[in-house]
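Here the structure comes first, spelled out in structure tokens, and everything after it is commentary.
The values are calculated or read from the model by the stated rules, or taken from the named source; none is laboratory data. Just so you know, these numbers come straight off a predicted model, no measurement behind them. Positions of Cβ are backbone-derived with ideal geometry, glycine not excepted, and every protein chain shown enters the neighbour counts.
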Amino acid sequence: MQRIIYIVQKEFKQIFRNRMMKPMLFIMPFVQLAVLSYTADFTVKDIRIYVQDQDMSPLSAKLTSKIKASDNFTLKDVSYTYDEGFNKIQDNEIDVILSIPEHFSRNLNANRKTELFITADAINSTKAGISINYLQNIIHDFQIEEAQSKGLIEIKPGINTIKRDWYNPGLDYKFFMVPGILVLLVTMLALFLSGMNIVREKEVGTIEQLNVTPIRKYQFIIGKLLPFLIIGVFEFTVGLAVALLWFKVPFLGSVGVIYMFTIVYLILVLGIGMFISTITDTQQQALFLAWFFSVIFILMSGLFTPIESMPQWAQDLTLLNPIRYYVEVIRLVMLKGSSFASIKVNFLVITLSAIIINMLAIRNYKKTA
Amino acid sequence: MDNKVIVAKDLTKKFGNFTAVDHITFDVKQGEIFGFLGANGAGKTTAIKMLTGILSSTSGIAKVAGYDINKERNELKKNIGYMSQKFSLYEDLTLKENIRFYGGIYGLTKKQIVTKTGELIERLRLSHIENTLISEIPLGWKQKIAFSVAILHHPKIVFLDEPTSGVDPITRRQFWNLIYEAAEDGITVFVTTHYMDEAEYCDRISMMVQGKMKAIGSLHELLEKYNAKDMDEVFLKLAR
């Protein structure tokens with residue numbers, strides 16, 4: 001026990017004496033949290049639209065002005081030709097063309113079938129899909145309004161859908177993203193700090209001296225892990241404060257549950273870092289490995305893309321991804337107020353993995369040459 | 001047998017087909033300064049790694065401070081000191097912090113650490129730089145500090161792997177004074193060097209050539225046996 005305390009003291013002194021460390025710990029994560037939270041926005045706004053109006057009727061003008069009034073669309077131009085709009089798509093000046101054909105008004109008034117034609121720049125397929133969806137909603141509303149005003153549809157009591165968005169009533173994407181980004185920052189910090197640590201002693205040569213001392217392997221790993229655990233919990237706390245106070249993310253669940261999970265999770269991530277550190281010889285190698293894992297972990301975490309839309313094999317792979325479990329838990333506990341019972345499985349998986357990876361790190365740290 | 005700190009019998013280390021250390025048999029008495037000589041690549045460092053418990057031997061047995069080098073490593077490590085040619089102090093810690101850390105690792109009590117720190121700083125006359133980072137201290141001083149830290153826990157034996165490489169003659173002389181002081185305190189000193197004049201400061205000398213221990217004895221014995229006027233000549237005759 002005494003040895004562990006001396007190692008922890010030494011690590012803290014070294015961490016805070018490192019010139020880059022203070023900005024890395026106290027500035028970078030919060031800049032990232034602030035910037036990423038504003039940018040990781042999946043709502044599509046300011047879709048630039050061009051309306052090709054061949055009908056030139058009051059009705060087509062009404063539809064156009066309805067689109068113009070929408071929050072999601074910016075009306076760039078209205079004209080008679082399609083080619084002009086298509087050139088604008090080519091020059092990346094607009095995103096969508098809505099073509100209103102001749103006799104649109106006449107056909108509609110005569111209650112005949114008529115067609116509208118939508119062209120979308122689908123380089124970003126997600127954005128194109130969402131844009132078309134928004135546009136169809138507007139057209140649908142327009143159609144119903146027109147029909148009602150002419151008395152073609154009677155409003156009868158019948159099936160009526162009422163929408164309630166539970167847990168995030170304002171549909172604020174930040175509520176969804178901020179906790180996830182917080183997870184990401186804590187993970188990256190823990191993984192990189194621990195991954196670079198033991199290997200640094202190897203590079204400098206001090207590990208050789210430690211290897212002839214009576215330090216036990218587990219004392220060494222625990223002594224190395226504890227300072228980063230404390231730093232990690234501190235970072236998480238400050239990040240959580242930013243999320244709650246600045247982004248006004250609700251916190252419905254138990255603080256105790258979230259901290260308990262965070263601590264076990266950090267021990268797991270630090271263990272992965274320690275393991276990386278034991279199998280590499282230079283900080284450069286450790287850095288590359290840490291990057292490899294963090295990119296895969298982040299992209300397969302369900303943070304930016306829903307896990308449900310991944311192919312089955314990828315979904316199975318995410319079961320090995322610690323970030324996935326933590327993102328799930330933090331969203332559940334903060335936004336849904338879930339209790340320990342509903343995150344029990346995640347907790348067990350992370351605890352078990354933490355034990356295994358740290359044992360591996362201890363086993364893999366060779367005090368022998 | 002009681003006063004022997006190292007007993008090695010047919011100690012051997014093979015890396016694949018290459019035999020780095022080939023059946024060396026020797027012993028070192030308590031309080032002795034034992035010179036472990038040999039050309040680069042003769043197997044000195046490999047032998048030291050085995051004796052300090054960081055490398056397993058392929059065959060043969062050895063006991064250091066009474067402990068088997070393969071089976072009782074933890075006890076062994078509590079009773080030895082080690083200073084390598086690679087620098088072993090933390091550059092980003094101060095002199096005092098380094099002493100404190102290594103003292104703590106070797107299980108000294110807080111009180112012992114304070115006393116030992118005071119003694120060490122006084123003996124080396126370094127009170128003016130006790131709170132200076134090691135990175136800002138000149139190399140010659142660092143070597144002396146590293147040696148003093150290596151014997152902080154008063155081990156039975158201290159292994160020095162080319163401790164004076166790269167230091168000036170005056171510092172080397174001072175360094176050897178520290179070695180003598182340690183030996184007088186009853187600490188056995190096991191030192192490798194390739195400065196042949198330093199070999200002459202040792203009580204006994206051994207000579208490694210291609211993994212084998214070619215000669216062992218006091219300076220006079222070796223000079224007589226090989227009919228040489230100094231260690232340089234002995235070295236050249238044996239290495240050939």
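The helices (runs of 4 or more DSSP H) falling completely within the range B:99-217 that include 1 or more residues that are in contact with a helix residue (DSSP H, G or I) (Cβ under 7 Å, 6 or more places away or on another chain), surrounded by 16 or more Cβ atoms within 10 Å (Cβ to Cβ) and within 14 Å of chain A (Cβ to nearest Cβ) map to B:110-123, B:139-150. Within the range B:42-52, can one find any residue that is within 7 Å of chain A (Cβ to nearest Cβ), free of Cβ contacts under 8 Å to residues at least 60 places away in the same chain and closer than 30 Å to B:Thr19 by Cα? Yes, the range B:42-52 contains at least one residue that is within 7 Å of chain A (Cβ to nearest Cβ), free of Cβ contacts under 8 Å to residues at least 60 places away in the same chain and closer than 30 Å to B:Thr19 by Cα. Is one or more of the residues making up the range B:58-68 without any contact (Cβ under 8 Å) to a residue 24 or more places away in the chain and in contact with an Asp or Glu (Cβ under 6 Å, 6 or more places away or on another chain)? Yes, the range B:58-68 contains at least one residue that is without any contact (Cβ under 8 Å) to a residue 24 or more places away in the chain and in contact with an Asp or Glu (Cβ under 6 Å, 6 or more places away or on another chain). Check A:Met310, A:Met300, A:Met334 and return the single one that is assigned by TED's automatic domain parsing to the domain that holds A:Gly256 and in contact with a Phe, Trp or Tyr (Cβ under 9 Å, 6 or more places away or on another chain). Every option except A:Met334 fails the conditions. Is it the case, given these coordinates, that B:Ile69 is among the aliphatic types (A, V, I, L, M), within 12 Å of chain A (Cβ to nearest Cβ), buried (at least 19 other Cβ atoms within 10 Å of the Cβ) and more than 25 Å from A:Phe12 (Cα to Cα)? Judged against the criteria, B:Ile69 is a match. Specify the residue that is surrounded by the most Cβ atoms within 10 Å (Cβ to Cβ); the eligible residues are those in the range A:201-245 that are β-branched (Val, Ile, Thr) and either within 30 Å of A:Phe176 (Cβ to Cβ) or more than 11 Å from every other protein chain (Cβ to nearest Cβ) (or both). Among those that are β-branched (Val, Ile, Thr) and either within 30 Å of A:Phe176 (Cβ to Cβ) or more than 11 Å from every other protein chain (Cβ to nearest Cβ) (or both), it is A:Ile221.
Across the range A:325-354, which residue is nearest to the other protein chains (Cβ to nearest Cβ) among those that are assigned to a helix (DSSP H, G or I) and surrounded by fewer than 14 Cβ atoms within 10 Å (Cβ to Cβ)? By that ranking, first place goes to A:Leu352. More than 23 Å from the chain's Cα centre (by Cα), in the same structural domain as A:Glu308 (by TED's automatic domain parsing) and of a type in the set (Phe, Trp, Tyr): does that describe A:Phe347? In short, no. Considering each residue of the range A:1-12 in turn, at least one proves to be assigned by TED's automatic domain parsing to the domain that holds A:Leu244, hydroxyl-bearing (Ser, Thr, Tyr), surrounded by 15 or more Cβ atoms within 10 Å (Cβ to Cβ) and more than 33 Å from the chain's Cα centre (by Cα). A:Gln52 falls short of the stated requirement of being within 14 Å of another protein chain (Cβ to nearest Cβ), surrounded by 14 or more Cβ atoms within 10 Å (Cβ to Cβ) and either under 27 Å from the mean Cα position of the chain (by Cα) or not aromatic (Phe, Trp, Tyr) (or both). Restricting the range A:13-49 to residues that are among the aliphatic types (A, V, I, L, M) and within 14 Å of chain B (Cβ to nearest Cβ) leaves a set whose member that is surrounded by the most Cβ atoms within 10 Å (Cβ to Cβ) is A:Ile15.
Just one of the listed residues (A:Asp55, A:Asp77, A:Asp71, A:Asp41) is in contact with a Pro (Cβ under 8 Å, 6 or more places away or on another chain) and outside any helix (DSSP H, G or I), and it is A:Asp55. Listed by position, the strands (runs of 3 or more DSSP E) enclosed by the range B:1-65 that each have at least 2 residues that are among the β-branched types (Val, Ile, Thr) are B:4-15, B:18-29, B:59-64. Only one of the listed residues (B:Val21, B:Val5, B:Val28) is touching a residue at least 12 places away in the same chain (Cβ under 8 Å), buried (at least 18 other Cβ atoms within 10 Å of the Cβ), farther than 17 Å from B:Phe159 by Cα and of a type in the set (Val, Ile, Thr). That residue is B:Val21. Scanning the range B:177-194 for residues that are under 18 Å from B:Pro138 (Cβ atoms) and in contact (Cβ under 8 Å) with a residue 12 or more places away in the chain gives a single hit, B:Leu178.
So, in the range B:74-98, of the ones that are assigned to a helix (DSSP H, G or I) and under 16 Å from B:Lys142 (Cα atoms), which residue ends up nearest to the other protein chains (Cβ to nearest Cβ)? Checked the range B:74-98; the qualifying residue nearest to the other protein chains (Cβ to nearest Cβ) is B:Glu97.
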